[in-house]
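Everything below concerns the one structure shown next.
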Amino acid sequence: MDRIYLYNLPGHLFLGLVLIRSKSRCSKKKTPKLVTIKESRRFMIDCFKALNVPDKHAVAQADLLVGADYRGHFSHGMNRLEMYINDLAINSTDGCAEPEILKETKATAWVDGHNGLGAVVGNFCMDLAIKKAKDVGVGWVCAKGSNHYGMACWYVLRAMEHGLVGMSMTNTSPLMAPTGAKEAALGTNPISLGAPAANCDSFLLDMATTAVAVGKIEIQRRKGAPLPDGWAQGPDGKVTNDAELAFNTACLMPLGGSELNAGYKGFGLGAMVDILTGVMSGAKYSTQVRKWTHTGADIKADLGNVFIAVDPNCFAPDFEERMSDFNCRLRGVQPTDPKKPVMIAGDKETKNMENVDKAGGLEYLENQLKTCEELAKRLKIKPMKFI
Ligand SMILES: NC(=O)c1ccc[n+]([C@@H]2O[C@H](COP(=O)([O-])OP(=O)(O)OC[C@H]3O[C@@H](n4cnc5c(N)ncnc54)[C@H](O)[C@@H]3O)[C@@H](O)[C@H]2O)c1
């Protein structure tokens, strides 16, 4: 059976996620408390509306979060709700703000998110990029004044629905130490690229540019287990295997880890994201970006995002058929373990969605359900119902 464990780390942006596989060892299984997608969405919409977020914006933000839970990225679903609510409550995010186009060409647009909700800014920008890609083959939209926009692939999926190749990136609060540095100067800066393939198949990459999320370090800490090399640094800037020290230092290593293991490539990718988002959009970048905690932040995030849509028909014919063949070739290579066929980007999330459909709902952890109960009381809304 697959179990997902989540950990909230006070004072840090991250919510960690680990998937622990245990074969039918758990004979004394507790019946899981399931929440339907519809009910989870209703609950989140009600939370946002309780803080005077207009219906349309509340729906956009709730759809993003429930979409992340459905895909198995629980760290970016309901778990983020409280942080968004706290930001709205102290007015560090403006739930009513509408994005505005500042400058435009046929293929590009520069947008001011006016400190609106991440999904509101993101959907607006990607829809604009889609329109431009349909008109002139490519749409490249850069936003400043944005907020945390959740899982990067959410916007890419929008472009893929139109048969377009989509890309999306955002900068985030500093947590990654550049190769050779003692302190964090970049965020986990995710990248997503999606390409539609024939027969409803696709390739959908969506990844942070750090080696792991801080939550994985917390899990090792709770277990009293050491960290593998390449995850995190201690205060001296050296790789640490001490989970306690790593947790307190909050300095993640880039994708790849140490210099020897080419971690500078992950550093380069994280920096690339910040250039295309923070620097290019006129938003905050690198160490200018605020820290973000569970209690919310008292200053605006002013994050930068980028959304790109490309019409593959502008290039070689039969893109989707070629993508389908491409995917088959990757999935079809001989696996090292015959029981574990090779997956491509997006396959894990597809499996997660199938599992949720089969189960009939989302299985949230007890601590998440408790937070929801407290939120319902605090915002005076109907508590979440279980199946
Ligand atoms: N908005 C933000 O500030 C922010 C910051 C960081 C991450 N995120 C989001 O967090 C989510 C999780 O990011 P992550 O880096 O932990 O993702 P991850 O490590 O779970 O997956 C990264 C990618 O690898 C693919 N993948 C996973 N296992 C695979 C395997 N065995 N073989 C082949 N491909 C495989 C996945 O399909 C995915 O495309 C993403 O949605 C990301 O956008 C958001």
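Here is how the numbers come out for the structure above:
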quantity	calculated
Relative packing of 222-228, 78-84, which averages over residues the other C-beta atoms within 10 Å, highest first	78-84, 222-228
The chain, relative contact order [Cα under 8 Å, separation at least 6], %	21 percent
Estimated dipole of region 295-348 in Debye, rounded to 20 [Cβ of Lys and Arg +1, of Asp and Glu -1, Cα centre]	360 debye
Mean separation of Cα contacts under 8 Å, 6 or more apart, over the residue count of region 196-255: relative contact order %	35 percent
Length added when fully stretched, THR36-ASP298, from 0.36 nm per residue minus Cα-Cα	90.9 nm
Where labels lie 7 Å past Cα in the beta-carbon direction, separation of ASP229 and LYS370 in nm	3.9 nm
Cubic angstrom per residue, convex hull over Cα atoms of the chain	147 Å³
Proximal lysines relative to LYS284, as straight alpha-carbon distance under 22 Å, when same-chain residues fewer than 8 apart are discounted	LYS103, LYS144, LYS182, LYS300
Between region 301-380 and region 69-130, the alpha-carbon center distance in angstrom	20 Å
Debye intensity ratio in log₁₀ form over the Cα atoms of region 141-209, taken at each q of 0.15, 0.16, 0.21 Å⁻¹	-0.56, -0.61, -0.86
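Bear in mind that the values in this text are calculations on the coordinates, not laboratory data. None of these values were measured; they are calculated from a predicted model. Here Cβ is always computed from backbone atoms with ideal geometry, including for glycine, and neighbour counts include all displayed protein chains.
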